[in-house]
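Engineer: What follows is a structure written as structure tokens; I'll ask about it next.
The values are calculated or read from the model by the stated rules, or taken from the named source; none is laboratory data. Everything quoted here is computed from the prediction, not taken from an experiment. Reconstructed Cβ throughout: ideal geometry from the backbone, glycine too, with neighbour counts over all protein chains shown. All accessible areas refer to the heavy atoms of the entire protein, side chains included, with ligands and DNA or RNA removed. Shrake-Rupley method; radii C 1.70, N 1.55, O 1.52, S 1.80 Å.
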Amino acid sequence: MKTSDPSDHASVVTAVDHRTAVLAETARFVAAVTSADLATAVPSCPGWTLADLIKHTGSVQRWFSVLLRARIQEPPRKRDVDLRLPDQEDGYIDWLAESATVAADAFATTDPNLPMWAWGVDQHARFWARRMLFETLLHRTDAELALGLRRTIDRPVAVDGVDEFLVNLPFATFFAPKVANLRGPDKTIRFRATDGDGDWLVRLRPDGFGVDTAHPSRDTADATVRGSAADLLLLVYGRLRHDAAALAHEGDEALLAHWFANSAF
């Protein structure tokens, strides 16, 4: 099996300008929550309100920006960051918009190809811009769900997001310990987009799992889930169940249940 390597995914990665997309997704987030009651519960993040969602997203953007500016070469030992969070929640929306500006400033002074420590597969500064994008996008859709708004995800971004999730998931055990349970006797799960390119074969082995980058698209899998790229993105992040009406699935149900019970973060 050929394991995941960022160069194997170049056609996906370069399809999206992650730095620009962070700004666009933050603007969508801000538009969704402007004039909303920030005490509104967020069903997809149990126990959180919109205020919590905004605080988390802006904090992630500012924290990742600190890492970029520091050009970190090893795991950070502390997370002491001046978030400049307003004392009152009525300032949170403007603060979130400002967080994207803080990120843009960090992007502007950092070569995306600069070698840096990252917790995922890609040990370059671009990892953090890509990761920041999908943190922002996912929580933007969480806000829209909470407010009864239509969730839309641009297709190229959705494809890139599924890829980003799957290639980095094997490295997420330090904050998502259940990922260590994703093992199997050479079992495979296919995620296939029905609205264009997008086909991932995940192979579970006795010692772990990873995206099989050398598989022919015609290969069969022990279990398969099909849906639009946007729905697959929401699926892998636990915002849709694999048996949702928007998705089709077939094959080993126990394998799918095992995957989704242990892959969320």
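Engineer: What's the local net charge at residue 184, with K and R +1, D and E -1, over the other residues with C-beta under 12 Å away? Each step should come with its number before you reach the end.
Structural biologist: Details: positive: 183, 187, 203, 205; negative: 186, 207, 222, 252.
Taking every other residue near residue 184 into account, the sum is 0.
Engineer: Determine the calculated [θ] at 222 nm for the chain from helices alone, applying -39500 (n - 2.57) to every DSSP H run no shorter than 4 residues and normalising by the residue count; nearest 500 deg cm²/dmol.
Structural biologist: -13500 deg cm²/dmol
Engineer: Continuing with the same structure: Please work out the average accessible area per residue across the chain, using the 1.4 Å probe convention, and give it in Å².
Structural biologist: Ligands and nucleic acids excluded, the result is 46 Å² per residue.
Engineer: Over the Cα atoms of the chain, each weighted equally, I'd like the Debye log10 I(q)/I(0) at q = 0.07, 0.10, 0.16 Å⁻¹, rounded to two decimals.
Structural biologist: Here log10 of I(q) over I(0) equals -0.24, -0.51, -1.30.
Engineer: Let me ask you something else. Only helices at least 27 Å long along their axis, Cα-based, and averaging 0.0 or more on Kyte-Doolittle count here, so list those DSSP H runs from the chain. Could the numbers behind the result be given before it?
Structural biologist: Details: long enough: 50-70 (30 Å, 0.37); 126-146 (30 Å, -0.28).
Flagged H segments are 50-70.
Engineer: Oh, and also: How big, on average over all directions, is the shadow cast by the Cα convex hull of the stretch 160-261, in nm²? Please report the intermediate quantities before stating the final value.
Structural biologist: Working: hull surface 24.2 nm².
Hull-based average projected area comes out at 6.1 nm².
Engineer: On to the next question. Treating only the Cβ atoms of Lys and Arg (+1) and Asp and Glu (-1) as charged, compute the dipole magnitude of the chain about its Cα centre; round to the nearest 20 debye.
Structural biologist: 400
Engineer: Putting +1 on Lys and Arg Cβ atoms and -1 on Asp and Glu Cβ atoms, find which of 236, 211, 175 reaches farthest to the positive end of the dipole of the stretch 173-238.
Structural biologist: It is 175, whose Cα lies furthest towards the positive end.
Engineer: Accessible area of residue 105, 1.4 Å probe, to the nearest 10 Å²?
Structural biologist: 90
Engineer: For the chain, modelled as a Gaussian network with Cα springs under 10 Å, which listed residue fluctuates most, 44, 59, 35?
Structural biologist: Highest fluctuation of the listed residues: 35.
Engineer: What Kirkwood Rh does the stretch 18-152 have if only Cα atoms enter the pairwise 1/r average? Answer in Å.
Structural biologist: On the way: mean 1/r = 0.0659 Å⁻¹.
Taking the inverse mean of 1/r over all distinct Cα pairs, the stretch 18-152 comes out at 15.2 Å.
Engineer: For the chain, what % of the accessible area comes from carbon and sulfur atoms, probe 1.4 Å?
Structural biologist: On the way: 6230 of 12140 Å².
Of all accessible area on the chain, carbon and sulfur atoms account for 51 percent.
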